[in-house]
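**Q** Structure in structure tokens, see below.
Taken together, the values in this text are just the output of simple stated rules run on the coordinates, not laboratory data. Here the structure is a predicted model, which is why all the values come from computation and not from measurement. Heads up, the Cβs are rebuilt from the backbone with ideal geometry, glycines too, and the neighbour counts pull from every protein chain shown.
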Amino acid sequence: MILLKDGLIVPMAGRRAVKGSVLIDGNRIKEVGEVKEKVDAEIDCRHKIIMPGLIDTHIHLAQALLRGCADDIPLVRWLNERVWPLQSTYDPELGSLSAELCIAEMLLSGTTTFLESGLHTKYGIDGIARVVERSGMRGYISKMLMDSPYYANHRMYEGMVEDKDEAMKEALSLFERWNGKGGIRVALAARTHCTPELYREISEMAETLDTIATLHFCEIKEDVSFLRKEYGMSPVEFLEHCGLNNERVTLAHCVWLGDAEGLKANVAHCPASNFKLGSGIAPVKEMLDKGVNVTLGCDGAPCNNTYDLFRDMWLASIAQKARLLDPQVLDAHNALTMATINGAKALRIDSGSIAPGKLADVITIDLKPHLMPVRDPASTIVYSAKGSDVCDVIVDGKVIVENRELKTIDVSKLMDRVEEKGLLPDRLAHFL
Ligand SMILES: [Zn+2]
């Protein structure tokens with residue numbers, strides 16, 4: 001048992017913040033508030049906020065090494081001239097190294113669960129799964145599925161094109177070998193744009209395997225005109241047509257979704273990525289008003305350029321205020337709900353709040369001068385805090401980060417390896 005003692009608890013799920021302790025028994029939360037029980041392991045939480053771990057519903061593990069490699073260019077060129085050519089040179093060693101760098105950053109900034117949006121075979125997916133397992137993090141890995149070498153009207157970078165049948169086989173085998181191992185679950189991921197037939201196949205497979213599916217959707221304006229031209233359908237009509245309009249599906253971006261009426265799939269809003277790539281500002285307020293489950297994602301290092309979900313909570317909130325000229329929309333509490341409760345719902349995981357019986361995915365925030373005084377903890381967390389303020393991280397009842405020390409990854413050795421292998425200098429020279 002572990003006791004998080006005497007902190008300011010932000011429980012979420014409609015409950016008010018309270019001063020007190022959180023008792024963890026095994027991988028579940030046992031008691032919240034005044035805890036009398038004596039335990040061996042205590043974490044002193046005076047001057048700390050205790051809150052649910054953050055849930056990132058859209059990341060690319062293999063893009064951490066591409067930080068700074070594709071700044072300040074629009075999406076199609078970003079993909080075709082930088083990200084895909086560079087990723088096409090990956091081998092399993094680079095794939096694992098990138099995943100480890102990404103996971104170290106996520107854990108140290110308070111993210112306890114992630115949804116990977118689709119890995120290429122050449123990254124060495126088994127190696128990446130082993131990195132996730134060793135890290136103690138909770139996450140969905142996924143094999144990217146595709147049946148068209150195009151992104152809208154643009155031919156994809158040749159080195160990233162994969163065979164549909166081979167990819168499907170690999171996705172199934174990945175599921176059989178890794179789903180449920182440690183904190184790992186296996187999702188299905190689809191490239192943009194696949195044929196409706198493949199999307200339907202993926203949707204049925206998700207149902208059969210009782211897992212989730214994810215894809216990038218309506219990220220840029222061109223995605224919508226493509227659907228209109230090819231299928232004569234609106235985005236929501238197209239999802240319905242492909243069997244993707246359901247709660248097992250998480251759609252990344254949805255900047256140009258238009259009217260969200262009837263949308264049942266979850267949305268992974270990725271503000272930093274959308275703003276930096278000049279893709280636009282997603283109509284998050286309207287989606288929430290229509291009852292859509294909107295969650296948050298960091299996307300990847302070449303577009304964000306961090307995996308710090310605190311930044312995206314802050315951006316998600318202030319962007320809607322600026323877009324609608326209304327400071328009352330998407331307040332700090334709503335942004336925090338997107339990164340916790342809504343994320344847990346989309347990923348079908350029993351976490352996202354602090355209450356007896358919930359999975360023990362809990363983080364603490366050190367109340368440093370820039371966070372004091374605390375008037376409304378949601379305001380402190382969303383408007384003032386950064387990932388680097390996270391002090392302790394507990395995933396599935398295990399202390400993974402204690403007093404900012406990551407216990408499952410040797411960060412100093414990781415930095416040496418990233419410096420040695422990760423700068424991709426010869427590969428970069430080709431493009432820059
Ligand atoms: Zn993405």
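**Q** Expressed as a rounded percentage, what relative contact order does the chain have, with Cα pairs under 8 Å and six or more residues apart?
**A** Once normalised by length, the contact order is 21 percent.
**Q** Which of the lysines could a cross-linker bridge to Lys413, judged by Cα under 22 Å and excluding same-chain residues fewer than eight apart?
**A** Those lysines meeting the cut-off are Lys421.
**Q** Run down the lysines and flag those whose C-alpha is under 22 Å from the C-alpha of Lys368, throwing out any fewer than 8 positions away in its chain.
**A** Within the straight-line limit of under 22 Å, Lys368 reaches these lysines: Lys5, Lys19, Lys48, Lys386.
**Q** Right, something else. What ranking do Tyr90, Tyr231, Tyr140 get, fewest neighbouring Cβ atoms within 10 angstrom at the top?
**A** Starting with the residue having the fewest Cβ neighbours, the order is Tyr231, Tyr90, Tyr140.
**Q** Rg (Å, one decimal) plus Dmax (Å, integer) for the alpha carbons of the chain?
**A** Expressed in Å, the Cα Rg and Dmax of the chain come to 20.7, 66.
**Q** Select from Thr306, Val362, Val10 the residue farthest towards the positive end of the dipole of the chain; place +1 on Cβ of Lys and Arg, -1 on Cβ of Asp and Glu, and compute about the Cα centre.
**A** Of the options given, the answer is Val10.
**Q** How much of the DSSP bridge set in the chain is antiparallel, in percent, rounded to the nearest 5?
**A** Roughly 45 percent of the beta bridges in the chain run antiparallel, per DSSP.
**Q** Could you line up Cys270, Cys254 from fewest to most neighbouring Cβ atoms inside 10 Å?
**A** Fewest to most other Cβ atoms nearby, the residues stand as Cys254, Cys270.
**Q** Restricting attention to the alpha-carbon atoms of region 127-211, what are Rg (one decimal) and Dmax (integer), both in Å?
**A** For region 127-211, the Cα-based Rg and Dmax read 13.9, 41 Å.
**Q** Something else: Counting only pairs 8 or more places apart or on different chains, how many lysine pairs in region 54-346 have C-alpha atoms closer than 13 Å? Could you put the intermediate results ahead of the total?
**A** On the way: Lys122/Lys143; Lys143/Lys164; Lys143/Lys169; Lys221/Lys229; Lys264/Lys290; Lys264/Lys345; Lys285/Lys321.
So the count works out to 7.
**Q** Let me ask you something else. Could you size up the charge dipole of region 54-346 around its Cα centre, putting +1 on the beta carbon of Lys and Arg and -1 on that of Asp and Glu, and report it in debye to the nearest 20?
**A** Working: 28 positive and 40 negative charges, 96 e Å.
Taking the Cα centre of region 54-346 as origin, the dipole is about 460 debye.
**Q** Another question, if that's okay. Please arrange Val418, Val284, Val10 by counting, for each residue, the other beta carbons lying within 10 Å of its beta carbon, fewest first.
**A** Fewest to most other Cβ atoms nearby, the residues stand as Val418, Val10, Val284.
**Q** Using the Cα atoms as the points, what is the convex hull volume per residue of region 68-134 in Å³?
**A** Hull volume normalised by residue count: 106 Å³.
**Q** Right, here's the next one. Using a cut-off of 14 Å between beta-carbons, work out the net charge of the residues near Arg200 (Lys and Arg +1, Asp and Glu -1, Arg200 not included). Intermediate results must be reported in sequence, preceding the final value.
**A** Numbers: positive: Lys164, Arg248; negative: Asp147, Glu197, Glu201, Glu204, Glu207, Glu240.
Result for the local shell: -4.
**Q** Where in the chain lies the longest segment free of GluC sites (Glu not before Pro) that are both loop residues by DSSP (not H, G, I, E, B) and have at most 12 other Cβ atoms within 10 Å?
**A** With GluC sites (Glu not before Pro) excluded where exposed in loops, the chain gives 38-260 as its longest stretch.
**Q** Based on a Kirkwood Rh over C-alpha pairs, give the Stokes-Einstein translational diffusion coefficient of region 1-148 at 20 °C and viscosity 1.002 mPa s in µm²/s.
**A** Approximately 120 µm²/s, per Stokes-Einstein.
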